[in-house]
Amino acid sequence: DASVSEVGVVLENERAVWQTAWRSVGHHMDSARPGQPGNMVLTGHVSVADRGNLAVFKSLDKVRTGDYIEVQSGDRVYRYVVRRVLVVDSSEVRLLRSENSATVTLITCTTDLKRRLVVVGTLDEGA
C-alpha cells in the first residue's frame, strides 16, 4: 500500500537512466495508465539505505501467481491478477513492452540487489 509518483528517463553524466521514486512507487510516465490497454510499469525499492525513504516493494518476493494487485486511480480501483513472477538480469528491457491487453509490471531488485524481481499481472475484467 503506497502512493505513486510519476518517473521517467533522465540524462545523468550523458547516460540515460531511470528516475527513482523516493517514498513512493514510481509509475513510468511513458507506460499505460491504470485500466488502459498496454503495460503499466511500476517500480519501487526492495530496501533502502536512507531511513528517510521507503522500501515500498520489500515484500514483493512473497507475491505468487494468482494473487491480486490493486491500483487505485481517483475513486476507481483496478484489479490485476498475477500471471508471472520472475527474476531477470538488470539489463533486461523486453518486459517493458506494451501489448494490446491491460497489464501491470512491478519491478524491484532481488534482495541481493544483483538482479530484478518482476511481477506481471493482467487486468481482471470481472472486478
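The values are calculated or read from the model by the stated rules, or taken from the named source; none is laboratory data. These numbers were taken from a predicted model, which means no experiment stands behind them. Using ideal geometry, Cβ is built from the backbone for each residue, glycine included, and neighbour counts are taken over all protein chains shown. Keep in mind that these areas ignore ligands, DNA and RNA; they rest on the heavy atoms of the full protein, side chains included. Shrake-Rupley method; radii C 1.70, N 1.55, O 1.52, S 1.80 Å.
Loop only by DSSP, 16 or fewer other Cβ within 10 Å of the Cβ. Give me the GluC sites (Glu not before Pro) in region 1-57 that pass, ordered by residue number. Write down the numbers at each step before the final one.
Numbers: sites: Glu6, Glu12, Glu14; in loops: Glu14.
Answer in residue order: Glu14.
Could you look at the chain and say what percent of its accessible area is carbon and sulfur, using a 1.4 Å probe and all protein chains? C and S atoms contribute 45 percent here. Does region 19-127 come out rounded, prolate or oblate, given a ≥ b ≥ c as the square roots of the eigenvalues of its C-alpha gyration tensor, rounded meaning a/c under 1.5 and, failing that, prolate meaning a/b above b/c? Prolate, because a/c is 1.5 or more and a/b exceeds b/c. Of the trypsin sites (Lys or Arg not before Pro) found in region 55-92, the ones in coil according to DSSP and having at most 10 other Cβ atoms within 10 Å of their Cβ are Arg64. Looking at the chain alone, DSSP beta bridges between its own residues are antiparallel in about 75 percent of cases.
Restricting attention to region 1-58, close to 60% of DSSP beta bridges with both partner residues there are antiparallel. Maximal additional length on extending the Glu70-Arg84 stretch stands at 3.5 nm, based on 0.36 nm per residue less the C-alpha distance. Legend: calculated FRET efficiency, Lys114 to Ala49, from the Cβ-Cβ distance at R0 = 22 Å, rounded to 0.05, equals 0.85. Springs join every pair of Cα atoms under 10 Å in this Gaussian network model of the chain, and among Val46, Val85, Val93 the largest mean-square fluctuation is at Val93. For region 47-126, chymotrypsin sites (Phe, Trp or Tyr not before Pro) meeting the loop criterion (DSSP other than H, G, I, E, B) and having at most 16 other Cβ atoms within 10 Å: none. For region 15-82, the solvent-accessible area with a 1.4 angstrom probe is 60 square angstrom per residue.
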